[in-house]
Structures are given as C-alpha cells and as structure tokens.
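This report refers to the structure that appears directly beneath it.
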Amino acid sequence: QVQVVESGGGLVQPGGSLRLSCTASATFFNLWAMAWYRQAPGKQRELVASITRGDSTNYLDSVKGRFTISRDNAKKTVYLQMNSLKPEDTAVYYCNRAQSPMWDWGQGTQVTVSS
C-alpha cells in the first residue's frame, strides 16, 4: 500500500510564496504521472497541477504563471512551488497520481493565505 506524505504548508501573506513537498512510497514512482490537488472549505477537491513521467506539466488556469510543479524521481518526491499567493489559494493541498486508480489520500498540508 502506497503512503503519501505532504508537507510545507503554512500561513503566508498575500503575494508570498510556499514550496510544498510530497513523498510517495511507490514502487516505480518514476512511471506515474503525479498531481497536486486542493480542497477549500465547502468545495470539492480540484486538480491544481500535474506532471507526467516525461516532465510535461499542466495547470489549473487560475494558478498558471504562479505555481510550478516538479519532481525528483530519485527521492520519490513531487514539489509545488507557489508564488504570488492569493487568499483564494487557501485550501488543504494533497498529492496523488494524476489518473485513476488513485492511491489512498494522505492527510494533506494546509495552506492559508491571509493578511
């Protein structure tokens, strides 16, 4: 069973930056397309950014130009660099495979953007 652990969240002022990390105990991690998701209070979970095994990336329109997803296969880790953060980015951020079947969800990491 794959375990996913997210970290790096916190409280940041609007315009600030955070770097999230996600480590997955997956065999052949390098073969899987990975993604970051987020869920704000009262809203459904949404896909924020994804990266293929070939390092092609895609982003939610609202984060394009501000967020960057990357991966380090040797460390089985996916990163999300978040710049120019806005209050509407406030959510719990999760990582998982980019396509079904999904692994069990981790606990996520809380990102709060507020002055």
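The values are calculated or read from the model by the stated rules, or taken from the named source; none is laboratory data. Quick caveat: nothing in here was measured; it's all calculated off a predicted structure. Surface accessibility is based on the protein's heavy atoms, side chains included, excluding ligands, DNA and RNA. Shrake-Rupley method; radii C 1.70, N 1.55, O 1.52, S 1.80 Å.
GNM on the chain, C-alpha springs below 10 Å: top fluctuator among ALA33, ALA98, ALA74?
Answer for the Gaussian network model of the chain: ALA74.
Let me cross-check LYS76: its accessible surface, 1.4 Å probe, with only protein heavy atoms counted, in Å² to the nearest 10?
Estimated to the nearest 10 Å², LYS76 gives 70 Å².
Over all alpha-carbon pairs of the chain, lay out the pair-distance distribution in 5 Å bins, whole %, shortest bin first.
2, 13, 25, 26, 19, 10, 4, 1, 0
How much accessible area per residue does the chain have, in Å², with a 1.4 Å probe? Could you put the intermediate results ahead of the total?
Details: 6200 Å² over 115 residues.
Accessible surface, normalised per residue, equals 54 Å².
Leaving out ligands, DNA and RNA but keeping every protein chain, what accessible area does TYR79 have, in Å² rounded to the nearest 10, with a 1.4 Å probe?
It works out to around 30 Å².
Roughly what % antiparallel, to the nearest 5, for the DSSP beta bridges in the chain? Working shown, then result.
Details: 33 of 36 bridges.
Expressed as a percentage, antiparallel bridges in the chain total about 90.
For LYS86, go through the lysines and keep the ones whose alpha-carbon is under 18 Å away, minus same-chain ones fewer than eight residues off.
Hits, sequence-local ones excluded: LYS43, LYS64.
For segment 1-113, give the percent of accessible area contributed by carbon and sulfur heavy atoms, probe 1.4 Å, rounded to a whole number.
47
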